Amino acid sequence: VITTGIKNILVGGNAGLALTDADFNTAVGHSALATDTQGSKSTAIGFQSLTTQNFSTATDSHNTAVGYNAGLAVTTGTSNTLVGAHAGDAITTGADNVAIGSFALSAEDTTGRNIAIGRNSLLLANSTSGNANNVAVGYNTGASVTTGTKNVFIGSFCGDATDDGEENTAVGYGALTS
């Protein structure tokens, strides 16, 4: 129950249910932003979008999740932009990620600075150290990347032959595929 929060918009069953001292949030959809207590400046639109985000201290999270289960597992990650069904749905503490398209960046949990645009883009990416800094644009682009970092793939099916490669650049349909 909001006690001291201001200027929040909550629409849907359990939307923003746990907010107490949070400001400037928008939650639209069943269980959108449901468990957060003190996170501010988040936008969650869609069934269970940002449902597990939960800051225990006042934090400007700047997360945006639009789509069914977008940002589903985000707990304390910040400045993520996740658009599409299941976009960034495994991110927990990762920050500064952009995922646009169904299942884009769907395995990454704790690292950040990834840009995945297109369905299944960076689908399996889950770097284990620092910021991954991967960029993938196109349908199924970089979908086989697991722990690889600092890669740039532009074009549908591009970069599918690498899983743990680093500092690769491939441009064009099917470039760097097996």
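The values are calculated or read from the model by the stated rules, or taken from the named source; none is laboratory data. Note that this is a predicted model, so its numbers are computed, not measured. In this analysis, Cβ positions are derived from the backbone assuming ideal geometry, glycine residues included, and neighbour counts consider all displayed protein chains. When the accessible area is computed, the model is the full protein with side chains, heavy atoms only, and any ligands, DNA or RNA have been set aside. Shrake-Rupley method; radii C 1.70, N 1.55, O 1.52, S 1.80 Å.
Assigning unit charges at the beta carbon (Lys, Arg +1; Asp, Glu -1) and nothing else, what dipole magnitude in debye, to the nearest 20, does the range 45-178 show about its Cα centre?
Details: 3 positive and 10 negative charges, 52 e Å.
Once rounded to the nearest 20, the dipole reads 260 debye.
Using the Cβ of Thr57 as centre and a radius below 14 Å, the other residues enclosed give a net charge of -4, where K and R count +1 and D and E count -1.
Could you sort Ile9, Ile115 by accessible area so the largest value comes first, with the probe set to 1.4 Å? Walk me through the numbers on the way to the answer.
Numbers: Ile9 95, Ile115 65 Å².
The most accessible residue leads, giving Ile9, Ile115.
Considering only Gly94, Gly77, Gly130, the Gaussian network model of the chain with Cα springs below 10 Å gives its largest mean-square fluctuation to Gly130.
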